[in-house]
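**Q** So that we are looking at the same thing, I have put the structure below in structure tokens.
The values are calculated or read from the model by the stated rules, or taken from the named source; none is laboratory data. What you see is a predicted model; the values in this text were computed from it and never measured. Here the Cβ positions follow ideal geometry from the backbone for every residue, glycine too, while neighbour counts run over all protein chains shown. Calculation scope for accessible area: heavy atoms of the full protein, side chains included, ligands and nucleic acids excluded. Shrake-Rupley method; radii C 1.70, N 1.55, O 1.52, S 1.80 Å.
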Amino acid sequence: MKINNIILRHIKMDLLHPFTTSVGTERDKDIILVEATTTSGHSGWGESVAIMEPIYNEETVQTNWHMMIDHLIPLLSGEELNHPDEVSERFKKIRGNYNAKAAIEGAIWDLYAKVNHMPLAKALGGVKKTIEVGVSVGIQSSPDNILKQIEDYVKEGYKRIKVKIMPGWDVEIIKLIRHHFPSIPLMADANCAYTLQDIDHLKQLDQFDLMMIEQPLAHDDIIDHAKLQSQLKTPICLDESIHSLEDARKAIELGSCQIINLKVGRVGGLTESKKIHDLCVKHNIPMWCGGMLEAGIGRAHNIAITTLSNFSLPGDTAPSSHYWKRDIIRPEVEMNSGYIQVHEKPGIGYEPDRDYIEELTIVQKTIQVN
Ligand code: MG
């Protein structure tokens with residue numbers, strides 16, 4: 001597989017509805033799309049999940065643009081790649097910058113699957129024909145709004161409801177939701193909004209039969225999470241804390257979590273995602289695939305990784321129409337009674353909508369690789 005060019009496109013898309021978590025509100029999304037091409041005419045696509053401000057992690061759209069052009073893409077030159085697993089090996093000497101690495105590696109995984117005429121899901125070792133879909137509900141302006149939203153989502157067939165929480169919007173809101181929906185699969189995501197001093201407060205959540213509480217403590221912690229887990233009945237799911245196979249190993253060994261939310265962009269790509277998956281299988285840690293408000297390309301990659309067997313809990317990969325008026329792929333990602341069908345076509349299984357992508361493009365740059 002000889003990569004000819006990498007084309008980077010910085011696009012901007014308006015979200016259908018603003019999305020609020022404990023770290024802020026997003027109204028639109030700047031996205032870097034990566035297209036890797038071969039001289040034989042194949043194209044593979046990846047998408048960076050980095051946002052404009054370094055508030056989810058230290059990366060931004062601008063740092064990704066710089067890292068890709070000046071440091072990562074040059075490492076693809078020279079010797080031909082036989083398999084996408086070799087990309088993370090080449091990127092190893094560059095520390096961090098996982099969103100940037102994952103976007104490039106994702107494009108090469110798609111390319112590899114297309115060149116070999118197989119669906120990306122199959123190339124990754126996926127086994128599922130459909131995936132279960134959950135939905136994430138942001139912090140709302142009023143309790144009535146959240147109840148109305150959840151009612152709509154339950155009617156649409158979502159397999160679990162995740163509610164974003166933060167101090168002042170937590171125990172009472174979960175209590176209210178449980179009162180109205182006594183049996184829905186329900187979980188809470190704190191996005192790092194608490195500290196160990198909140199143990200007694202967080203313990204109150206134990207009475208609501210939550211599937212899990214996601215990332216209650218700091219983004220860079222696994223020690224305090226272990227202390228908290230030892231006092232909570234509700235399983236802790238780690239999200240922001242897991243950047244690598246090593247992080248997952250340490251968190252599992254310490255008992256910091258019972259579930260892992262994997263985000264491909266956060267761990268540097270699909271190869272590292274597969275390794276974390278296999279480790280979790282060994283330790284009986286169920287997983288699910290999280291979301292970073294991806295457009296269609298990133299969404300397609302999430303669907304592919306979710307087909308691996310240990311992604312046994314519904315993920316956050318909702319259909320395109322949940323986020324966008326119009327997505328950048330054809331067909332769009334559709335959900336049927338809480339399930340997304342996995343496409344059998346080679347690669348990510350969706351065609352990038354080139355005309356629409358061109359309309360959305362702010363800057364484009366082609367980098368010759370070989
Ligand atoms: Mg989360």
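**Q** Using alpha carbons only, how many degrees (0 to 90, rounded to 10) separate the axis of helix 98-115 from the longest principal axis of the chain?
**A** 60 degrees
**Q** I would also like to ask the following. For the range 122-341, what does the accessible surface come to per residue with a 1.4 Å probe? Please give it in Å².
**A** 39 Å²
**Q** Can I ask one more? Angle check, please: helix 296-306 long axis (alpha carbons) against the longest principal axis of the chain (alpha carbons), in degrees 0 to 90, nearest 10.
**A** Once rounded, the angle reads 70 degrees.
**Q** While we're on this one: Roll a 1.4 angstrom probe over the protein heavy atoms and tell me the percent of accessible area of the range 122-341 that is carbon or sulfur.
**A** It is 50 percent, rounded to a whole number.
**Q** May I pose another question? By how many nm would the segment from K93 to D209 grow when fully extended, if each residue of separation counts as 0.36 nm and the alpha-carbon distance is taken off?
**A** Extending this stretch completely gives an extra 37.3 nm.
**Q** Further, regarding this structure: When DSSP assigns beta bridges and you keep just the ones with both residues in the chain, what percent turn out antiparallel, to the nearest 5?
**A** 65 percent
**Q** What's the percent breakdown of Cα-Cα distances in the range 1-119 across 5 Å bins, shortest bin first?
**A** Each 5 Å bin holds this share of Cα pairs: 2, 11, 21, 22, 17, 12, 8, 5, 2, 0.
**Q** Moving on to the next point. Express in nm, to one decimal, how much length is gained between K129 and T25 on full extension, taking 0.36 nm for each residue of separation and deducting their alpha carbon distance.
**A** Going from the current span to full extension adds 34.0 nm.
**Q** On to the next question. List the equivalent ellipsoid semi-axes of the chain in whole Å, largest first, each obtained as the square root of 5λ for an eigenvalue λ of the Cα gyration tensor.
**A** Ellipsoid semi-axes (Å, largest first): 33, 22, 19.
**Q** I've got another one for you. May I ask you to evaluate 6.51 cos²θ - 1.76 cosθ + 1.60, the Karplus curve with θ = phi - 60°, for each residue of the range 165-171 and list the ³J(HN,Hα) values in order in whole Hz, giving x for glycine and proline?
**A** 10, 7, x, x, 9, 9, 4
**Q** First check a/c for the range 289-344, with a ≥ b ≥ c the square roots of the eigenvalues of its C-alpha gyration tensor; if it is under 1.5, answer rounded, and if not, answer prolate when a/b is larger than b/c or oblate otherwise.
**A** Prolate, since a/c reaches 1.5 and a/b exceeds b/c.
**Q** What are the semi-axes of the equivalent ellipsoid of the range 234-347, taken as the square roots of 5 times the eigenvalues of the Cα gyration tensor, listed largest first and rounded to whole Å?
**A** 26, 13, 13
**Q** List every residue whose amide H lies under 5 Å from the amide H of V137, counting only residues 5 or more places away in sequence or on a different chain, with H placed 1.01 Å from N in the peptide plane.
**A** K162, V163, K164
**Q** Turning to a different aspect of this structure: Can you give the extra length, in nm with one decimal, that the chain gains between N370 and I184 once fully stretched, where that is 0.36 nm per residue apart less the Cα-Cα distance?
**A** The span from N370 to I184 would gain 61.7 nm if fully extended.
**Q** From the helices alone, meaning DSSP H stretches of at least four residues, give me the mean residue ellipticity at 222 nm for the chain, per-run term -39500 (n - 2.57), in deg cm²/dmol to the nearest 500.
**A** After summing the helix terms and dividing by the residues of the chain, the value is -9000 deg cm²/dmol.
**Q** Moving on to the next point. So what is the orientation-averaged projected area of the range 122-341, using the convex hull of its C-alpha atoms, in nm²?
**A** 11.5 nm²
**Q** Also: Normalised by the number of residues in the range 227-370, what is the relative contact order in percent for Cα pairs under 8 Å and 6+ residues apart?
**A** Relative contact order for the range 227-370 comes out at 17 percent.
**Q** Further question: Using a probe of 1.4 angstrom, how much of the accessible area of the range 1-119 is carbon and sulfur, in percent?
**A** 50 percent
**Q** Per-residue counts of other Cβ atoms within 10 Å, averaged by peptide: what ranking do you get for 137-149, 291-303, highest first?
**A** Result, highest mean Cβ count within 10 Å first: 291-303, 137-149.
**Q** If you don't mind, another one. With θ taken as phi - 60° and the coefficients 6.51, -1.76 and 1.60, list the Karplus ³J(HN,Hα) couplings across the range 240-251 in order, rounded to whole Hz; mark glycine and proline as x.
**A** 3, 6, 9, 10, 6, 4, 4, 4, 5, 4, 5, 5
**Q** Tell me the relative contact order for the chain as a rounded percent, counting alpha carbon contacts under 8 Å between residues six or more apart.
**A** Here the relative contact order equals 23 percent.
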